[in-house]
Amino acid sequence: MIDILPDAYLWVKVLHVISVISWMAGLFYLPRLFVYHAEQVDAGTATDRMFQTMERRLLRAIMAPAMLTTWLFGLALVVTPGIVDWSMIWPWSKAAAVLGMTWFHMWLGRQRKAFAQGDNRLSGRRYRLMNEVPTVLMIVIVASVIVKF
């Protein structure tokens, strides 16, 4: 399998970037849904059920597959010979930021469950602040990969 990776490198990279874009779209949008859900929707209403459906579908149908394919194609790039120089800082800073992004994804999943159980305890303001987390991590990832410090 590793033998074909150098020949497939550009296609694996294309699929990785597409996966990342899809995942990031969800990581930016789901906290915004939580802001509106927390601030403007009463638990148990039809609107509450609609928000829960939107949040569940976004997380399960778009974000989870995008995260998995991001990891799959990213790991394929990592094991492609000659791509990553582990003596540099950038692969480590990128890896730490990707782990942070994965943690954030899981945190969003827990928050979605809290809404589904009628047990959300966070304010819209808190979700607005948390919505900055993927932005900061994205900056670290992009700078790491482009600048390669």
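The values are calculated or read from the model by the stated rules, or taken from the named source; none is laboratory data. In this text the structure is predicted, and so the values were computed from the model without any measurement. Virtual Cβ from ideal backbone geometry, glycine too; neighbours counted across all protein chains shown.
Points worth noting:
- Test: residue in the range 32-51 that is without any contact (Cβ under 8 Å) to a residue 60 or more places away in the chain, surrounded by 13 or more Cβ atoms within 10 Å (Cβ to Cβ) and more than 23 Å from Gly118 (Cα to Cα): no
- Residues that are free of Cβ contacts under 8 Å to residues at least 40 places away in the same chain and in contact with a helix residue (DSSP H, G or I) (Cβ under 6 Å, 6 or more places away or on another chain) within the range 109-149 comprise just one, Val133.
- Flag for Ile62 being within 18 Å of Phe104 (Cα to Cα) and either modelled with pLDDT under 95 or within 18 Å of the chain's Cα centre (by Cα) (or both): yes
- Those residues of the range 73-94 which are free of Cβ contacts under 8 Å to residues at least 24 places away in the same chain and either in a helix (DSSP H, G or I) or within 25 Å of Arg110 (Cβ to Cβ) (or both), in sequence order: Leu75, Val78, Trp92
- Residue in the range 43-64 that is of a type in the set (Ser, Thr, Tyr) and in a helix (DSSP H, G or I) present: yes
- Residues that are over 16 Å from the mean Cα position of the chain (by Cα) and either part of a helix (DSSP H, G or I) or under 15 Å from Gly26 (Cα atoms) (or both), drawn from the range 130-149: Ala143, Ser144, Val145, Ile146, Val147
- The C-beta contact set for the range 20-31 (first residue under 14 Å from Met54 (Cα atoms), second residue among the charged types (D, E, K, R), distance under 7 angstrom, 6+ apart or interchain) comprises Leu30/Glu55.
- Scan of the range 3-55 for residues that are over 24 Å from the mean Cα position of the chain (by Cα), hydrophobic (A, V, I, L, M, F, W, C) and within 20 Å of Thr69 (Cα to Cα), ordered by number: Ile4, Leu5, Ala8
- Subset of the range 52-72 [under 15 Å from Val17 (Cβ atoms) and exposed (fewer than 15 other Cβ atoms within 10 Å of the Cβ)]: Leu72
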